[in-house]
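One structure is given here, and the rest of the page talks about it.
Where a number appears in this text, it was derived from the coordinates with a stated rule and is not lab data. What you are looking at is a predicted structure, and each value in this text was computed from that prediction instead of being measured. Cβ atoms come from the backbone with ideal geometry, glycine included; neighbour counts cover every protein chain shown.
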Amino acid sequence: MSNFLSGHNRIVIKIGSSLLIDRERGVKRTWLESLGEDIVRLKEEGRQVMIVSSGAIAMGRKLLKMPRGPLKLEDSQASAAVGQIALSRIYSEIFGRQGYEVGQVLLTIGDTEERRRYLNARATIMTLLDLGAVPVINENDTVATNEIRYGDNDRLAARVATMVDADLLVLLSDVDGLYTAPPLEDPNAEHVPLVETITPAIEKMAGAAGSELSRGGMKTKIDAGKIATESGTAMIITAGQRLYPLSAIEKGERATLFQASGTPRSARKRWIAGHLNPPGRLGVDDGALKALREGKSLLPAGIVSVEGEFSRGDPVLITRYDGMEVGRGIVAYDSEDAVRIAGLRSSAVNEALGYEARAAMVHRDDLVLAVALEVACQEADAAE
């Protein structure tokens with residue numbers, strides 16, 4: 001892991017709430033200043049660095065003297081409104097002293113799920129980077145609802161990383177990486193320093209959230225890793241409590257590196273792959289799995305189940321019989337029509353619909369295949 005950061009030119013740093021905010025004292029300013037020095041050093045080496053920062057709600061509830069315990073939605077939104085201003089001021093002061101401007105970017109889930117808004121957000125962040133500023137990005141908690149939100153900044157950070165073609169995503173957290181089991185529950189759990197591919201076995205290692213102030217846990221970090229690595233972005237999970245946490249990575253302190261899988265995808269396919277809440281799901285048979293592996297489109301004949309309500313042009317999950325995700329794509333039919341033609345050969349589709357239909361349920365140009373597809377195909381081959 002030594003000097004790993006030096007090989008990357010565009011880096012996203014995600015900061016967890018428990019690292020940034022102390023319930024009694026507020027912002028951990030000394031720690032944040034050390035991180036700021038790390039980031040400035042990278043920038044002066046020619047790197048582009050942006051921050052995805054948690055902490056607005058935690059900061060706001062501290063300033064507003066709200067009691068401990070769960071917050072109602074309106075209390076969370078009010079806390080975020082106050083906390084975001086306070087955090088932005090502190091970031092501006094820390095980087096301003098070293099000659100750098102900070103740009104605040106607040107995103108809602110629609111800004112990354114809807115194509116046009118996705119491109120607008122990307123353009124804003126890329127322009128800030130080109131101008132030498134430090135983008136500080138957070139979910140817009142003042143307007144987000146419990147039903148329509150990222151829910152954690154791990155996945156938001158992964159979406160941002162893929163949006164701006166980042167080389168590396170660093171999740172600074174209160175854990176020092178992935179373990180074979182939750183270490184608080186299993187004293188024999190072993191640290192995993194390198195993950196070449198996020199397989200179902202890797203996903204099973206994830207545990208629950210480890211901090212009162214954090215909405216995420218290891219599961220959300222693995223979810224973030226799937227979004228990032230399958231779009232060509234490497235990811236590191238490491239403990240961020242120590243001062244100068246980026247320097248610590250370069251010195252070889254304990255962390256888990258998730259290698260990027262394959263080559264970066266096109267911007268359109270990164271957008272498809274990164275959707276957090278696809279409205280539909282298509283279950284496919286083994287024949288369809290093998291056709292997808294060969295680079296073919298998903299035809300109605302290979303579909304065994306249709307779930308959810310979706311419209312033509314929506315992103316959908318493509319899954320095996322047991323729910324394992326093997327891909328995502330832009331569907332060519334509304335869900336009502338998809339149910340009617342699922343399992344039908346092409347010659348019977350027109351008759352079932354009463355009009356000249358498209359050949360593919362999901363065209364190969366609108367498909368993004370998951371790493372798990374190869375595992376699913378190998379298991380299908382072994383079962384024959």
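Stretched out fully, how many nm does the piece from A133 to M324 gain, at 0.36 nm a residue minus the Cα gap?
On the way: separation 191, 0.36 × 191 = 68.76 nm, distance 4.09 nm.
Roughly 64.7 nm would be gained on extension.
Which length gain, in nm to one decimal place, applies between R364 and A382 when the Cα-Cα distance is subtracted from 0.36 nm times their residue separation? Don't skip to the end; give the middle numbers.
Values: separation 18, 0.36 × 18 = 6.48 nm, distance 2.57 nm.
Contour length minus the Cα-Cα distance gives 3.9 nm.
Could you work out which residue, out of L367, L73, L299, moves most in a Gaussian network model of the chain, that is, has the largest mean-square fluctuation with Cα springs under 10 Å?
Among L367, L73, L299, the largest mean-square fluctuation in the Gaussian network model of the chain belongs to L73.
For segment 327-332, just list the computed ³J(HN,Hα) in residue order, Karplus coefficients 6.51, -1.76 and 1.60, θ = phi - 60°, integers in Hz, with x standing in for Gly and Pro.
Result, ordered by residue: x, 9, x, 8, 7, 9 Hz.
Please list, in chain and number order, the residues 5+ apart from Q104 or on another chain whose amide H is under 5 Å from its amide H, with Hs placed from the backbone.
Amide H neighbours of Q104, under 5 Å, 5+ apart: V136.
Using R₀ = 41 Å, calculate the FRET efficiency as 1/(1 + (r/R₀)^6) where r is the Cβ-Cβ separation of S266 and T180; round to 0.05. Before the final figure, lay out each step's value.
Values: r = 35 Å, r/R0 = 0.86.
Given R0 = 41 Å and the Cβ-Cβ separation, E is 0.70.
If amide hydrogens are placed 1.01 Å from N in the peptide plane, which non-local residues have theirs closer than 5 Å to the one on E139?
It is L107, by chain and number.
When averaged across all projection directions, what area in nm² does the alpha-carbon convex hull of the chain cover? Show your work: numbers first, answer last.
Details: hull surface 80.4 nm².
It is 20.1 nm².
Write down the percent of antiparallel bridges among all DSSP beta bridges whose residues are both part of the chain, to the nearest 5.
Details: 22 of 53 bridges.
Within the chain, antiparallel bridges account for around 40 percent of the total.
Whole-Hz Karplus ³J(HN,Hα) for segment 337-353, in order, using 6.51 cos²θ - 1.76 cosθ + 1.60 and θ = phi - 60°, x for Gly and Pro?
Computed from phi, the couplings for segment 337-353 are 6, 4, 5, 5, 10, 4, x, 8, 6, 4, 5, 9, 5, 4, 5, 5, 8 Hz.
Semi-axes, largest first, in whole Å: what does sqrt of 5 times each Cα gyration tensor eigenvalue give for segment 278-383? Don't jump to the answer; show the numbers that get you there.
Details: eigenvalues 93, 41, 28 Å².
Gyration-tensor ellipsoid for segment 278-383: 22, 14, 12 Å.
I need the phi-derived Karplus couplings for segment 375-381: 6.51 cos²θ - 1.76 cosθ + 1.60, θ = phi - 60°, integer Hz, Gly and Pro marked x.
4, 4, 5, 4, 5, 5, 4
Picking from K290, K226, K72, which is most flexible by a Gaussian network model of the chain using Cα springs under 10 Å?
K72
Taking the highest mean first, how do the peptides 345-352, 154-161 order by number of other beta carbon atoms within 10 angstrom per residue?
Working: 345-352: 13.0, 154-161: 29.0.
Those peptides, ordered most packed to least, come out 154-161, 345-352.
Have a look at L32, L129, L344 and tell me which one the Gaussian network model of the chain (Cα, springs below 10 Å) gives the largest fluctuation.
Result for the chain, Cα springs under 10 Å: L344 fluctuates most.
Leaving out same-chain residues fewer than 8 places away, which aspartates and glutamates sit with a Cα under 18 Å from that of K221?
E139, D152, D154, D167, D174, D176, E190, E196, E203, E212, E230, E325
Starting from the Cα of K62, draw a straight line to each of the lysines and keep only those under 18 Å, dropping any in the same chain fewer than 8 residues away.
Hits, sequence-local ones excluded: K28, K72.
Which residues' amide hydrogens lie under 5 Å from the amide hydrogen of G327, considering only partners 5 or more residues apart or on another chain, with H built in the peptide plane?
Residues meeting the criterion, in which the H sits 1.01 Å from N, are I318, A370.
To test your reading of the geometry: what angle, between 0 and 90 degrees and rounded to tens, separates the Cα axis of helix 115-130 from the longest principal axis of the chain?
Tilt of helix 115-130: around 30 degrees.
Find the percent of Cα-Cα distances in segment 12-150 that exceed 22 Å, and round it to a whole number.
Values: 3805 of 9591 pairs.
Taking all Cα-Cα pairs of segment 12-150, the fraction more than 22 Å apart is 40 percent.
Mind checking the angle between helix 218-229 and the chain's longest principal axis? C-alpha axes, 0 to 90 degrees, to the nearest 10.
That works out to roughly 70 degrees.
Can you give the angle from 0 to 90° between the axis of helix 29-44 and the longest principal axis of the chain, with both taken from C-alpha atoms, to the nearest 10?
70
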